[in-house]
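Have a look at the structure below before the remarks.
The values are calculated or read from the model by the stated rules, or taken from the named source; none is laboratory data. The structure presented is a predicted model; accordingly, all values stated were derived computationally and were not measured. Please note: Cβ atoms are built from the backbone with ideal geometry, for glycine as well, and neighbour counts cover all protein chains shown. In case anyone asks, the SASA skips ligands and DNA or RNA and just uses the protein heavy atoms, side chains included. Shrake-Rupley method; radii C 1.70, N 1.55, O 1.52, S 1.80 Å.
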Amino acid sequence: MHEFNSIDCVSRHIRRADRAIAQYYNSYLKSVGLKITQYTILSFLNNTGTSTASDLQIFLSADQTTVSRALKPLIRDAIVLSSEGADKRQKLLSLTKGGKTLYREAFPQWKKAQDELTQILGKDGHQSLMKMTDLVVSNLEKIK
């Protein structure tokens, strides 16, 4: 019989940290009506201009269903514009004028959370966390 021990489970630790970090950012972004997942999409589209849903999936390391679910309220609320690409299966995404305004309003709130979290982690802790998450993602994507 195998003993169940979740104390050392990598997934549990990462999910626990992810939830805590998301709640931390969400507390700052609440004033503009966004969650960190939505802000991340706005930030990506602000930096890329127009992009595809596939590119967003890669950036987020998320499947199509997760990306579609995250985009749905942003499209519904006219924050993100979704249009057909050259290939009708391709979805082109861009920020609307209202989406750009919302991104500019949200950025200072995100920046406060980012700066405070970086301070909490310390410079070395922040850099280590970035390296570790990149290492995990790149290695696990190789074995998909």
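Points worth noting:
- Taking the accessible area of segment 26-98, probe 1.4 Å, and keeping the other protein chains in place, the carbon and sulfur fraction comes to 53%.
- Proximal charge balance of Val67 [Cβ under 12 Å; K/R count +1, D/E count -1]: +1
- Overall form of segment 48-96 per C-alpha gyration tensor (a/c, 1.5; a/b vs b/c): rounded
- Cα pair distances exceeding 23 angstrom across the chain, given as percent: 45
- Fully extended contour minus Cα-Cα distance, from Lys112 to Ser82, at 0.36 nm per residue: 7.8 nm
- Taking each of Lys35/Lys100; Lys91/Lys131; Lys72/Lys131 in turn, the alpha-carbon distance tops 23 angstrom for Lys91/Lys131; Lys72/Lys131.
- Computed magnitude of the charge dipole of segment 65-144 (debye, nearest 20; Cβ of K, R +1, Cβ of D, E -1): 320
- Most to least packed among 106-113, 35-42 [average Cβ atoms within 10 Å]: 35-42, 106-113
- Extending 7 Å from Cα along the Cβ direction at Leu60 and again at Ile143 yields two label points whose distance is 2.6 nm.
- Summed over the residues of the chain and divided among them, the accessible surface reaches 72 Å² per residue at a probe radius of 1.4 Å.
- Neighbourhood net charge (15 Å Cβ-Cβ; Lys/Arg +1, Asp/Glu -1) for Thr50: 0
- The length gained by stretching the chain between Gln127 and Val10 to full extension, at 0.36 nm per residue less their Cα-Cα distance, is 40.2 nm.
- By the helix-only formula, in which each DSSP H run with n ≥ 4 contributes -39500 (n - 2.57) and the sum is divided by residues, the chain has a 222 nm mean residue ellipticity of -24000 deg cm²/dmol.
- Taken about its Cα centre, the chain carries a charge dipole of roughly 420 debye when the Cβ of each Lys and Arg holds +1 and the Cβ of each Asp and Glu holds -1.
- GNM result for the chain, Cα springs below 10 Å: residue of Ser43, Ser11, Ser94 fluctuating most strongly: Ser11
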